[in-house]
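J.: Attaching a single structure in structure tokens format; questions to follow.
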Protein chains: 2
Amino acid sequence: MRKVNIGLIGCGNVGAGVVKWVQKNSDLIEARCNMQLEIAKIAVKNVQKDRGLSIDQSIFTADASTLVNAPDIDIVVELIGGIDEAKPLVISALKQGKPVVTANKSLLAFHGAELFKLAEDNNSDIYYEASVAGGISIIKYLKEGLVGNHINLIYGILNGTCNYILTRMAQNGEKFDDVLKEAQKLGFAEADPGLDIDGHDTAHKTCILASLAYGEWFEVDSIYVEGIRNLELQDIHNASEAGYTIKLLGIIKLNSGRVQMRAHPVLVPSTSLIAKVDNEFNAVWVNGDIVGDAMLYGRGAGQDPTTSAVVADIIDVALNIKCNSANRVAAFQPHKSYSKVLPMPEISSRYYLRLSLEDKPSVLANIARILGDANISIASVVQKESDSNKLPVILITHTAKEADINSAIEKIEDLSVVHGNPIILRIEDI
Amino acid sequence: MRKVNIGLIGCGNVGAGVVKWVQKNSDLIEARCNMQLEIAKIAVKNVQKDRGLSIDQSIFTADASTLVNAPDIDIVVELIGGIDEAKPLVISALKQGKPVVTANKSLLAFHGAELFKLAEDNNSDIYYEASVAGGISIIKYLKEGLVGNHINLIYGILNGTCNYILTRMAQNGEKFDDVLKEAQKLGFAEADPGLDIDGHDTAHKTCILASLAYGEWFEVDSIYVEGIRNLELQDIHNASEAGYTIKLLGIIKLNSGRVQMRAHPVLVPSTSLIAKVDNEFNAVWVNGDIVGDAMLYGRGAGQDPTTSAVVADIIDVALNIKCNSANRVAAFQPHKSYSKVLPMPEISSRYYLRLSLEDKPSVLANIARILGDANISIASVVQKESDSNKLPVILITHTAKEADINSAIEKIEDLSVVHGNPIILRIEDI
């Protein structure tokens, strides 16, 4: 039976998972693939550290580049994350025609185009299922399952930490800060949570999915990003009363040949399937021109789901080695059918606006007039009672242009009867 | 650019979809795969019939076996369904080492093992994504995405017609017969709906998924089947009051090394994601030992979703032709890690029982005693008021053995105070 030697770079949470599961499920993997996967070398910073793995200590090395260059290493699995250290190692492997499996979404979001070109030029593979919603195989689904489809839109719940926080806020009425602190205590959220809660992780993943869908490796900077840090309980509550649930979504849509890409909190109908995706789960809703609507749901991060994706990628690569079919499915096939990005001011959406207004006659009429002058029609208004002189008013609009909303909001903010900053959230009618 | 010639057998609903979409999306497919797909020949019964396709009439032939044997046909796509005509054509193609794409679930459920062996022996491919829940790529997900996972369980909503009927009954309070008649009028249900509503279509698909999960091509007959024909509105209503939704599920579970496979209506918690899968949509819930829970959702039948899967398979096969990598992923890899089927009497489940009891003292006590004697404990009882002397009583049990329930029910039926046949439905706590 053909043996395939794996060189792991990094043996943290996911690396340890890969070692554990490749060993534990080796009989099944051999039976299914007629190949034997062997963890041959593991590069780590601290060679002495006990990682609780039943693997020979001599397999560990501190020298990642020797691992990459070793002739008996068939596949390089990069699991250190970040860019500075990972990038040269991945480049070195690809230049040797050595296939790479990685879970590194930032590396791909920022340098994907360069790495894919290298893989192609050297007839090598780079697989990265674990970089986006690992457990659900969305990358394979887009690249292979939907290969014949033009993609009309993608909605993704791509960050488990944010979805966990939003679920707790909505279901238990807990405040953002309190849930975040608890999530950090439980290890669900990073000590420095900015990458997650400010939406950047979602944006990186959105960038990868949009690029795959539209055949252009988009710049991360072309994605509009808003996080959930400033979300208030009252807006989650108001949304719920109006029949909506707030989710942090990666949104990718085709608009007359141009691609809109954004990552921000959105009100989605509470009856929609994606609104029911709770806690740390990920989901990706896709509409393809042939397949219609589809949704994939599962865990996107954490040791085991990520390991599941990495192991699947390792086997895909190993099959290419066995069949001498490297690059059978290109890591990324640029086709630039749609390379133009729709600027954010030009998107259309429905909007949720929460204003704090002075309790005076014709205040609401003034607001309505400003919106009307900007071609924004109002779908519903709820004016809440209040003990103070500040009345919270919730407006839900029909579809309007982002630019029109922005200019209307500027005018509204200038009114002396408007207190503080208006809260603006977008609505998607999934 | 490499051109791949496709020979279609059958040009009904799906065949016409394949022609239409391969033509319409040809630029995209070429850009993504660096290959040109050409519909080179189509075998049909009636060559003269106008199918509304923009394709040269000379492409049609009445002679399917000449199509299969033609040296310039690279891929045979079998879309006639049924077994008698399809099987010899598929066999002939595979014997020539010619790859086959098929959507034919009955052919595979009954003769899969033989066809897969032929494909392997002749270094050919047989792809069949469209045979089960086409739009969602569940076969690719099981075979490739979850290749490293032991599968603990699968729940599948696999028949769109049944799910449509159940949704209408639950949401609109319409009776089974009425919804079926309307579905037939709208073309959602066949004139002879038995294959769908009696659960056989679900069983065939369950057979395919179980076989892929457990590496043994199971006999269709080893699957327990019950349809939805006798489902009454009052049970859907009672289930709903107790917090459950009734779905027709294919259920596949691993029980201490033995596989249980069944297709029947089930009460699932209304809060579960699978309970929200409405109308003609399909969904497959999977639990793998590495990945944990995941669910794939989308359309499983109909022209376009099936076409999406057939086109993906054609491209997978075409890539194998291009890379000379036939059988890279085996059509089916027998590994027989789990070849033993758990007989139905040995399964455990929770149960919903509806009895019609005479309004006399200690009747319920007698029922409870019979259940208690059979080791079945009752989780809840609802006795409804009634104008007649027949009291409807709904019992929900804790987990019990199917054999114990059956013997208890026999005793209950023998009681003179019990009218008609008790209604028994199983419950899954997803």
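J.: Select from region A:1-46 the residues that are small (G, A, S) and in contact (Cβ under 8 Å) with a residue 60 or more places away in the chain and list them in ascending order.
T.: A:G7, A:G10, A:G12, A:G15, A:A16, A:G17
J.: Quick one: A:K49 ticks every box in (1) more than 18 Å from A:V317 (Cα to Cα); (2) surrounded by 15 or more Cβ atoms within 10 Å (Cβ to Cβ) bar one, so which box is it?
T.: Checking A:K49 against (1) more than 18 Å from A:V317 (Cα to Cα); (2) surrounded by 15 or more Cβ atoms within 10 Å (Cβ to Cβ), the one that fails is (2).
Conditions tested, residue by residue: (1) over 28 Å from the mean Cα position of the chain (by Cα); (2) closer than 30 Å to A:N324 by Cα; (3) β-branched (V, I, T).
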site	(1), (2), (3)
B:L353	no, no, no
B:V382	yes, no, yes
B:K390	yes, no, no
B:E410	yes, no, no
B:D429	no, no, no
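J.: Looking at A:V311, A:V317, A:V266, A:V284, which is the one that is surrounded by 22 or more Cβ atoms within 10 Å (Cβ to Cβ) and facing another protein chain (nearest Cβ under 7 Å)?
T.: Just a single option satisfies the conditions, and that option is A:V311.
J.: Quick check: anything in region B:295-302 open to solvent by 10 Å² or more (accessible area, probe 1.4 Å), touching a residue at least 60 places away in the same chain (Cβ under 8 Å) and among the hydroxyl-bearing types (S, T, Y)?
T.: Looking for residues that are open to solvent by 10 Å² or more (accessible area, probe 1.4 Å), touching a residue at least 60 places away in the same chain (Cβ under 8 Å) and among the hydroxyl-bearing types (S, T, Y), one finds at least one in region B:295-302, hence yes.
J.: Still on this structure: Which ones in region A:214-246 are surrounded by 22 or more Cβ atoms within 10 Å (Cβ to Cβ) and more than 23 Å from the chain's Cα centre (by Cα)?
T.: Passing the criteria: A:N238, A:A239.
J.: Follow-up. It is to be established whether one or more residues within region A:351-371 are assigned to a loop (DSSP other than H, G, I, E, B), modelled with pLDDT of 95 or more and crowded, with 19+ Cβ neighbours inside 10 Å.
T.: No - not one qualifying residue is present in region A:351-371.
J.: Name the residues in region A:82-99 that are in contact (Cβ under 8 Å) with a residue 40 or more places away in the chain and closer than 21 Å to A:V18 by Cα, would you?
T.: A:A86, A:L89, A:P99, listed by residue number.
J.: Filter the strands (runs of 3 or more DSSP E) completely within region A:240-290 down to those with at least 2 residues that are of a type in the set (D, E, K, R).
T.: It comes to A:244-255, A:258-269.
J.: Just give me the residues in region A:373-385 being in contact with a strand residue (DSSP E or B) (Cβ under 9 Å, 6 or more places away or on another chain) and exposed (fewer than 13 other Cβ atoms within 10 Å of the Cβ), in sequence order.
T.: Once the filter is applied, which keeps residues that are in contact with a strand residue (DSSP E or B) (Cβ under 9 Å, 6 or more places away or on another chain) and exposed (fewer than 13 other Cβ atoms within 10 Å of the Cβ), region A:373-385 yields A:N375, A:S377, A:S380, A:K384, A:E385.
J.: Within region B:88-106, does at least one residue satisfy the condition of being open to solvent by 10 Å² or more (accessible area, probe 1.4 Å), touching a Phe, Trp or Tyr at 6+ places or on another chain (Cβ under 7 Å) and among the β-branched types (V, I, T)?
T.: no
J.: Looking at B:K41, B:K20, can you tell me which residue is assigned to a strand (DSSP E or B), open to solvent by 40 Å² or more (accessible area, probe 1.4 Å) and charged (D, E, K, R)?
T.: Going through B:K41, B:K20 in turn, just one is assigned to a strand (DSSP E or B), open to solvent by 40 Å² or more (accessible area, probe 1.4 Å) and charged (D, E, K, R): B:K41.
J.: Would you confirm, using the coordinates I've provided, whether B:T161 is surrounded by 20 or more Cβ atoms within 10 Å (Cβ to Cβ), under 22 Å from B:F218 (Cα atoms) and in contact (Cβ under 8 Å) with a residue 24 or more places away in the chain?
T.: Judged against the criteria, B:T161 is not a match.
J.: Is it the case that region B:277-284 has a residue that's under 30 Å from A:N34 (Cα atoms) and β-branched (V, I, T)?
T.: Yes, some residue in region B:277-284 is under 30 Å from A:N34 (Cα atoms) and β-branched (V, I, T).
Let's see how each residue does on (1) among the aromatic types (F, W, Y); (2) in contact (Cβ under 8 Å) with a residue 12 or more places away in the chain; (3) more than 29 Å from B:K336 (Cβ to Cβ):
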residue	(1), (2), (3)
B:G173	no, yes, yes
B:D177	no, no, yes
B:E190	no, yes, yes
B:D201	no, yes, no
B:L209	no, yes, no
B:A213	no, yes, no
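J.: So, one more: Filter region A:331-350 for residues that are small (G, A, S), open to solvent by 20 Å² or more (accessible area, probe 1.4 Å) and within 14 Å of chain B (Cβ to nearest Cβ) and give the result.
T.: Across region A:331-350, the qualifying residues are A:S337, A:S339.
Rundown of residues vs (1) closer than 30 Å to A:M1 by Cα; (2) of a type in the set (D, E), yes/no style:
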residue	(1), (2)
A:I29	yes, no
A:D50	no, yes
A:Q57	yes, no
A:D63	yes, yes
A:E78	yes, yes
A:F110	no, no
A:F116	no, no
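J.: I'm trying to understand the selection: among the residues of region B:1-17, which are open to solvent by less than 30 Å² (accessible area, probe 1.4 Å), of a type outside the set (A, V, I, L, M, F, W, C) and either within 14 Å of chain A (Cβ to nearest Cβ) or under 29 Å from the mean Cα position of the chain (by Cα) (or both)?
T.: B:G7, B:G10, B:G15, B:G17
The values are calculated or read from the model by the stated rules, or taken from the named source; none is laboratory data. Worth saying up front: this structure is predicted, and the values here are computed from it rather than measured. Counting neighbours? That spans all protein chains shown, and the Cβs are built from the backbone with ideal geometry, glycine included. To get the accessible areas, we keep the full protein, side chains included, count just its heavy atoms, and leave off ligands, DNA and RNA. Shrake-Rupley method; radii C 1.70, N 1.55, O 1.52, S 1.80 Å.
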